[in-house]
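Shown next, in structure tokens, is the structure this report addresses.
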Amino acid sequence: MSRASGDVTAVPAKPQPLAHEQLDALVEVLNDVRERGSRSRPGIIRSTGLTRAVVTSRVSELLNRGLLLEGRLGPSTGGRAPRQLEFHADAGHVLAADLGATSIDVAVADLSGRILGHLAEPADIADGSGTILGRVDELFGEVLAGTAGIPGDLWGIGIGVPGPVDFGSGCVVAPPIMPGWGEFPIRETFAERYKVPVWVDNDVNVMTLGELRAGAARGHRSVVFVKIGTGIGAGIVIDGRLHRGAHGSAGDVGHTQVTHDPTVVCRCGKIGCLEALAGGAALARDATVLAREGSSPLLAERMSAHGGRLEAADVSWAASHGDAPSAQLISQAGHLVGEMLSTAVHFLNPSLIVIGGGVSNAGDRLLAAIRETVYGQSLPLATRELQVRRAALGSQSGVVGVATMVIDELFSRERFARWVEDGSPSGRPELAASAA
Ligand SMILES: [Zn+2]
């Protein structure tokens, strides 16, 4: 793509439509500071390959719009020390809600994704969209009221849900654990109420974004994140951006077929899915069999102490207390996930694989089995610098991820084009004054 050159026009006093190349450069310069941490004009020139004139002009425009600040004095390279550029994270704030199968988390964050206030409470997603989203609305009010020093205006809202989402429409599609949610206009409801743009995405994608910007995957451009919870799903990062696919179902790897055994029936209705063998629900099911058969006295003891029920966490616990059959279950799950990942490695050549979700707390045994299989089954060029790590963000990973999604969308090229013309991120003219 060619770059605008000789572009030294004065910064317009009022927001005006930008040419394509000017807009591309504006977004690229902003994101270079925001995501990659460039601190000076020469740094941005090196990092983006844009010309000095273009960078100078776009930096001025971003300073005028209140999106960049000139802060502390940077290191001098002989002459006068330049002021360091910073992303103006306090220009506004965003609201994030992360819905789990059994929980609601809400948070308010600044524009860097830093969490300023966070509330969490148990909930049952099967209570339906009206009840759950009504509660989210109340919790948004509570977190805003209870957090001191929230900067600027509300710029956007994000909602993460534990089911498949058509990202384009913001609707949940055939959600297995969210009956009745399919038709509910989540985005329109919150957009109408708060008068800001709203984005909805699935839990795995938002966790991927959280790890990418603030967790284990910081600084990587090609990443595969795998969440092993009750089910299994993946988030795919290509060239620093989350890849959602044509309809938002990219990374739905839990339903790849790994066996033709007709007795392995998945909750999706198909035979032999990965998550029907290696997900948390599968581990709990297999552990129950081990306990009943008498192959694992430790699991049997645990089961009777827990009212006849076992969960994936019990398998991890038993394995860490020397129970060989439990250790075997976890290794087997790790090998199956590793086989799926070695295919992903051949397709995508990531520099990093991140393992998250409840079952990833099973400890080193799971990670070791995944590593062994991925390195053993992939070609040397693909694994030469490949790392496999555990996710770094703990209980806040959902809300950090949702806030990150909103911020990434606010500063995406498409959205940016609109709000450069509107004069404000929300399209509300009164915000133009505070951003100018
Ligand atoms: Zn399935």
Q.
Given the options V345, V289, name the one that is under 24 Å from the mean Cα position of the chain (by Cα), among the β-branched types (V, I, T) and over 17 Å from K227 (Cβ atoms).
A. V345
Q: Tell me, yes or no, whether region 94-116 has at least one residue that is assigned to a loop (DSSP other than H, G, I, E, B), surrounded by 20 or more Cβ atoms within 10 Å (Cβ to Cβ) and at pLDDT 90 or above.
A: yes
Q: Go through region 248-282 and give me each residue that's assigned to a helix (DSSP H, G or I), more than 10 Å from the ligand (Cβ to nearest atom) and among the small types (G, A, S).
A: A278, G280, A281, A282
Q) Only one of (1) among the aliphatic types (A, V, I, L, M); (2) farther than 15 Å from L366 by Cα; (3) modelled with pLDDT of 95 or more is not met by L310, so which one is it? A) (3)
Q: Among what's in region 63-88 and is exposed (fewer than 15 other Cβ atoms within 10 Å of the Cβ) and in a strand (DSSP E or B), pick the residue that is modelled with the highest pLDDT.
A: E70
Q) Do we find that E339 is acidic (D, E), under 27 Å from the mean Cα position of the chain (by Cα), assigned to a helix (DSSP H, G or I) and closer than 20 Å to G233 by Cβ in this structure? A) yes
Q) How about region 382-423: which of its residues are part of a helix (DSSP H, G or I) and without any contact (Cβ under 8 Å) to a residue 24 or more places away in the chain? A) E414, R418, W419
Q. Mind checking which pairs have a first residue in region 25-38 that is free of Cβ contacts under 8 Å to residues at least 40 places away in the same chain and a second that is part of a loop (DSSP other than H, G, I, E, B) and charged (D, E, K, R), Cβ under 8 Å, 6 or more apart or different chains?
A. A25/R3; A25/D7
**Q.** Residue list for region 197-228, restricted to those being under 17 Å from L95 (Cβ atoms) and without any contact (Cβ under 8 Å) to a residue 40 or more places away in the chain
**A.** none
Q) Looking only at residues in region 283-303 that are among the small types (G, A, S), outside any loop (DSSP other than H, G, I, E, B) and free of Cβ contacts under 8 Å to residues at least 24 places away in the same chain, which one is nearest to the ligand (Cβ to nearest atom)? A) A291
Q.
Here are the criteria: (1) at pLDDT 90 or above; (2) among the β-branched types (V, I, T); (3) crowded, with 17+ Cβ neighbours inside 10 Å. Tell me which single one I238 does not satisfy.
A. (3)
Q) Going by the structure shown, is W181 within 18 Å of the chain's Cα centre (by Cα), buried (at least 18 other Cβ atoms within 10 Å of the Cβ) and closer than 22 Å to A246 by Cβ? A) no
Q: Name the single residue, out of those in region 37-55 being under 29 Å from the mean Cα position of the chain (by Cα) and part of a helix (DSSP H, G or I), that is surrounded by the fewest Cβ atoms within 10 Å (Cβ to Cβ).
A: R46
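The values are calculated or read from the model by the stated rules, or taken from the named source; none is laboratory data. Keep in mind that what you see is a predicted model, and the values were worked out from it rather than measured. Positions of Cβ are generated from backbone atoms using ideal geometry, with glycine treated the same way; all protein chains shown enter the neighbour counts.
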